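Asker: A single structure is presented below for examination.
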Amino acid sequence: MITPSLDSSVLRKLPDTGIGGRVLSVQGSKAQVGMPAPWPTEEGRATVGRFLAIQAGRHRLIGMITEVLAHGDGTGVHGALANVDLMGEIRRDEAGRFTFQRGVAEYPGIGDYAAVIGNEELRLIYKASARATVRIGQLHQDRSIEAHVDVDSLLTKHFAVLGSTGVGKSSGVAVLIGELIAARPDLRVFVLDGHNEYGRCFGERASIVKPATLRLPFWLFNFEELVDIVYGGRPAVADEVDILAELIPLARSMYGQYKVANDRLSLKKADPRVTGYTVDTPVPYLLQDLAALIDERMGKLENRASRMHYHRLLARIEAIRSDPRYAFMFENANVGGDTMASLLSHLFRLEPDGRPVSVMQLAGLPAEVMDAVVCVLCRMAFDFGLWSDGALPLLFVCEEAHRYASVDHAVGFGPARRALARIAKEGRKYGVYLGLVTQRPAELDPTILSQCSTLFAMRMTNDRDQALLRSAVSDAGANLLDFVPSLGTGEVVGFGEGVPLPARLTFRTLPAHLVPHSEAVARPPAGAAAASTADFVRAVVERWRGVALGPRTRPEEPAPPAAPPRETALAGPASPTSPASPASPASLASRLDEARYQILKR
């Protein structure tokens, strides 16, 4: 049956037409309703996932059927029992308009009449409220009804998109981001793209940062992050770490004392405690200054074993500095002087210029530095929000979140997990919001996931993932999770603050040219001949080897453009008063060779 129209000035009682049921028991937020079996009509059948309206006195309660059982012989007026989760009620506000509100003020009594709600009441429940909402798709129950989410609740209380590989997570995330930046012109979005698939999703509204054009100077890394890179994720040597902890603040203070570029003779050494620099202060320093300090300390030691710690540390620094895979950290790291402001503006689109979305493509970065790079980006996003008092709101979207914030604290990089957790716990106070995307929620730190008040659950078949999802969902409609293993591609069950009610819906379909597609995967053209395939394989091998080659020796490398492209120009030309640029690789190498010679000489 269809419940009466809501256009009347008074919310009329549901008429007892015989095509409905009666409340048989009530327990907390759950009720059991006796329903006729078999159902008298073909339309509007009472089954799992349908909504019931229960007339409780002057209140019209709304509940979802979560289970249907046969009663007695399965026929008759009460031949079926429907278990219903009570979710809210339709009320009339002071202006006389009917609205849906979560929560139940008056519980049903035994014998109260219940009926399947009609299209009009369903529209009332899911219609756009007075607050800012965006359309992300349509309801599965009635595809003529649009599915909306509340913008402020989605952002300020964080959200997560969960689902197995190939179920449409990336497309759903692209829909969400596209609608959010349309509704909030002041919002900036930063996407950690682990598979290089979002580059085409936002057209001219996005700036793409590729591994080949990324510039993230080493001096922006804090001490934990730098040590992780120096030792390649392996356990650090305590004596060498102590040397770095002592000398990096000195190197930072030396950089700050240069009076003019190239004037190294007027340098006056000072105690770093006087300058105020710490090992984590994000100010530039030069690698050759650090090497000179290590060399100087090494020369004052008489114990050969102690000198070897300094020698090995110099060798480690030289190894990563000369490794072309780390060029994004060390190549031209000090050109232009202190470029922190321009780098932040570029990465997080602080001056959007029509491009509020920044897509950081991670596929192609060395696996050894991936965690540290993610950690730096998370930390800088939070710290900028903290020190700017949240003046420029930023949505930080983390794809493959379980890789950087594993539930197993022995796996991954601890500082990266703590940086993400800090955004999840405190980011909303400073205008930094979090969007998590993962295919293995059971492997994601539950402390971080618990901070996401809106969850979009797509198809998942793993028992551990489903169990974790059940523990994270507190809505009365948690029984909708039973649908998760059988959801179709693009279908999702939404829970939490951002949706009016837990609902099964379908994400809006993107145009073909905006559908996410991995740029990290290259395929030979369909129907290519054997010779063409062989050429393709050779090209892949050259590309593979090119990762470990320097920019001057990489085969068939095109000459760099005269001017950097708009989306990759991070630093302008060096100002005449900026500190001297770092010495050439040859000069640093010669310094290290001299240090080794001194060791052998002693």
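Asker: Here is a check on your reading of the model: is residue 327 closer than 20 Å to residue 361 by Cβ and open to solvent by 20 Å² or more (accessible area, probe 1.4 Å)? Spell out how you get there, then give the answer.
Answerer: Details: closer than 20 Å to residue 361 by Cβ: yes; open to solvent by 20 Å² or more (accessible area, probe 1.4 Å): yes.
So residue 327 fits the description; yes.
Asker: Follow-up question, since we're still on this one. Here's a check for you: in region 331-379, which residue that is modelled with pLDDT under 85 and of a type in the set (S, T, N, Q) is farthest from residue 223 (Cα to Cα)?
Answerer: Looking at residues that are modelled with pLDDT under 85 and of a type in the set (S, T, N, Q), I get 332.
Asker: Test of understanding: among 105, 160, which residue is in contact (Cβ under 8 Å) with a residue 12 or more places away in the chain, under 30 Å from residue 402 (Cβ atoms) and hydrophobic (A, V, I, L, M, F, W, C)?
Answerer: 160
Asker: Could you say whether any residue in region 199-209 is open to solvent by 10 Å² or more (accessible area, probe 1.4 Å), in contact with an Asp or Glu (Cβ under 7 Å, 6 or more places away or on another chain) and either under 30 Å from residue 349 (Cα atoms) or in a loop (DSSP other than H, G, I, E, B) (or both)?
Answerer: Yes, the conditions are met somewhere in region 199-209.
Asker: Continuing with this model, one more query. For region 9-28: of the residues being under 15 Å from residue 59 (Cα atoms) and open to solvent by 40 Å² or more (accessible area, probe 1.4 Å), which is modelled with the highest pLDDT?
Answerer: So the residue we want is 13.
Asker: Same structure, new question: Select, from 145, 181, the only residue that is surrounded by 15 or more Cβ atoms within 10 Å (Cβ to Cβ), touching a Leu at 6+ places or on another chain (Cβ under 9 Å) and free of Cβ contacts under 8 Å to residues at least 60 places away in the same chain.
Answerer: Of 145, 181, the one residue that is surrounded by 15 or more Cβ atoms within 10 Å (Cβ to Cβ), touching a Leu at 6+ places or on another chain (Cβ under 9 Å) and free of Cβ contacts under 8 Å to residues at least 60 places away in the same chain is 145.
Asker: What's the number of the condition residue 133 fails, among (1) within 28 Å of the chain's Cα centre (by Cα); (2) open to solvent by less than 10 Å² (accessible area, probe 1.4 Å)?
Answerer: Evaluating residue 133 over (1) within 28 Å of the chain's Cα centre (by Cα); (2) open to solvent by less than 10 Å² (accessible area, probe 1.4 Å) leaves (2) as the failure.
Asker: Additional query: For region 212-224, which residues satisfy the criterion of being in contact with a helix residue (DSSP H, G or I) (Cβ under 7 Å, 6 or more places away or on another chain), open to solvent by 30 Å² or more (accessible area, probe 1.4 Å) and assigned to a loop (DSSP other than H, G, I, E, B)?
Answerer: Answer for region 212-224, where residues must be in contact with a helix residue (DSSP H, G or I) (Cβ under 7 Å, 6 or more places away or on another chain), open to solvent by 30 Å² or more (accessible area, probe 1.4 Å) and assigned to a loop (DSSP other than H, G, I, E, B): just 215.
Asker: Also, I was wondering about something else. Just wondering, is there one or more residues in region 506-517 that are open to solvent by less than 30 Å² (accessible area, probe 1.4 Å) and small (Gly, Ala, Ser)?
Answerer: No - not one qualifying residue is present in region 506-517.
Asker: Quick one: count up the residues across region 446-471 that are more than 23 Å from residue 166 (Cα to Cα), in contact with a helix residue (DSSP H, G or I) (Cβ under 6 Å, 6 or more places away or on another chain) and not β-branched (Val, Ile, Thr).
Answerer: 1
Asker: What residue, among those in region 442-494 that are farther than 23 Å from residue 408 by Cβ and of a type in the set (Ser, Thr, Tyr), is least open to solvent (accessible area, probe 1.4 Å)?
Answerer: 454
Asker: When residue 333 is evaluated against the numbered criteria (1) over 19 Å from the mean Cα position of the chain (by Cα); (2) small (Gly, Ala, Ser); (3) crowded, with 19+ Cβ neighbours inside 10 Å; (4) part of a helix (DSSP H, G or I), which criterion, by number, is the only one it fails?
Answerer: (4)
Asker: Still on this structure, please answer the following. Please go through region 388-409 and pick out each residue that is at pLDDT 95 or above and not in a loop (DSSP other than H, G, I, E, B).
Answerer: Passing the criteria: 394, 395, 396, 397, 398.
Asker: I'd like the full set of residues that are modelled with pLDDT of 90 or more and hydrophobic (A, V, I, L, M, F, W, C), limited to region 301-319.
Answerer: Passing the criteria: 313, 314, 315, 317, 319.
Asker: Of the conditions (1) surrounded by fewer than 20 Cβ atoms within 10 Å (Cβ to Cβ); (2) touching a His at 6+ places or on another chain (Cβ under 8 Å); (3) in a strand (DSSP E or B), residue 77 fails just one. Which one is it?
Answerer: (2)
Asker: Please go through region 84-124 and give me each residue that is part of a loop (DSSP other than H, G, I, E, B) and either in contact with a Cys (Cβ under 6 Å, 6 or more places away or on another chain) or not hydrophobic (A, V, I, L, M, F, W, C) (or both), ordered by number.
Answerer: Of everything in region 84-124, those that are part of a loop (DSSP other than H, G, I, E, B) and either in contact with a Cys (Cβ under 6 Å, 6 or more places away or on another chain) or not hydrophobic (A, V, I, L, M, F, W, C) (or both) turn out to be 93, 94, 96, 97, 103, 106, 107, 108, 109, 111, 112, 118.
Asker: Looking at (1) under 26 Å from residue 54 (Cα atoms); (2) open to solvent by less than 40 Å² (accessible area, probe 1.4 Å); (3) of a type in the set (Gly, Ala, Ser); (4) not in a strand (DSSP E or B), which is the only condition residue 153 fails?
Answerer: Here residue 153 clears every test but (1).
Asker: Condition test on residue 490, is it at pLDDT below 90, at positive phi and small (Gly, Ala, Ser)? Spell out how you get there, then give the answer.
Answerer: Numbers: at pLDDT below 90: no; at positive phi: yes; small (Gly, Ala, Ser): yes.
Spelling it out, it is not the case that residue 490 is at pLDDT below 90, at positive phi and small (Gly, Ala, Ser).
Asker: Assigned to a helix (DSSP H, G or I) and surrounded by fewer than 22 Cβ atoms within 10 Å (Cβ to Cβ): does that describe residue 418?
Answerer: yes
Asker: Is it true that some residue in region 125-144 is part of a helix (DSSP H, G or I), under 13 Å from residue 501 (Cα atoms) and either touching a Gly at 6+ places or on another chain (Cβ under 7 Å) or of a type outside the set (Asp, Glu) (or both)? Break it down into steps so the answer makes sense when it comes.
Answerer: Taking region 125-144 and keeping what is part of a helix (DSSP H, G or I), we get 125-126.
Narrowing further to those that are under 13 Å from residue 501 (Cα atoms): 125-126.
Now restrict to residues that are either touching a Gly at 6+ places or on another chain (Cβ under 7 Å) or of a type outside the set (Asp, Glu) (or both): 125-126.
Yes, region 125-144 has at least one match.
Asker: Would you point out the residue of region 534-556, among those that are closer than 22 Å to residue 321 by Cα and part of a helix (DSSP H, G or I), that is modelled with the lowest pLDDT?
Answerer: Filtering first and then ranking leaves 546.
Asker: Also, quick follow-up: Which of (1) open to solvent by less than 50 Å² (accessible area, probe 1.4 Å); (2) more than 33 Å from the chain's Cα centre (by Cα); (3) at negative phi; (4) not acidic (Asp, Glu) does residue 110 not meet, given it meets every other one?
Answerer: (1)
Asker: Among the residues of region 282-305, write down those that are open to solvent by 30 Å² or more (accessible area, probe 1.4 Å) and without any contact (Cβ under 8 Å) to a residue 40 or more places away in the chain.
Answerer: 296, 300, 301, 302, 303, 305
Asker: Take the residues of region 359-387 that are without any contact (Cβ under 8 Å) to a residue 40 or more places away in the chain and under 21 Å from residue 430 (Cα atoms): which is most open to solvent (accessible area, probe 1.4 Å)?
Answerer: Restricting attention to region 359-387, the residues satisfying the condition of being without any contact (Cβ under 8 Å) to a residue 40 or more places away in the chain are 367, 370, 383, 387.
Checking which are under 21 Å from residue 430 (Cα atoms) leaves us with 383, 387.
Working: 383: 42, 387: 204 Å².
Per the stated criteria, the residue is 387.
Asker: While we're on this one: Counting only residues that are at pLDDT below 75 and of a type in the set (A, V, I, L, M), how many does region 66-94 have?
Answerer: Looking only at that region, the number is 1.
Asker: Could you check residue 412 against (1) modelled with pLDDT of 90 or more; (2) in contact with a strand residue (DSSP E or B) (Cβ under 7 Å, 6 or more places away or on another chain); (3) open to solvent by 20 Å² or more (accessible area, probe 1.4 Å) and say which number it fails?
Answerer: (1)
The values are calculated or read from the model by the stated rules, or taken from the named source; none is laboratory data. Being a predicted model, the structure only gives us computed values, none of them experimental. With ideal geometry, Cβ positions are generated from the backbone for all residues, glycine too; neighbour counts draw on all protein chains shown. Protein only, heavy atoms only, side chains kept; ligands, DNA and RNA dropped before computing areas. Shrake-Rupley method; radii C 1.70, N 1.55, O 1.52, S 1.80 Å.
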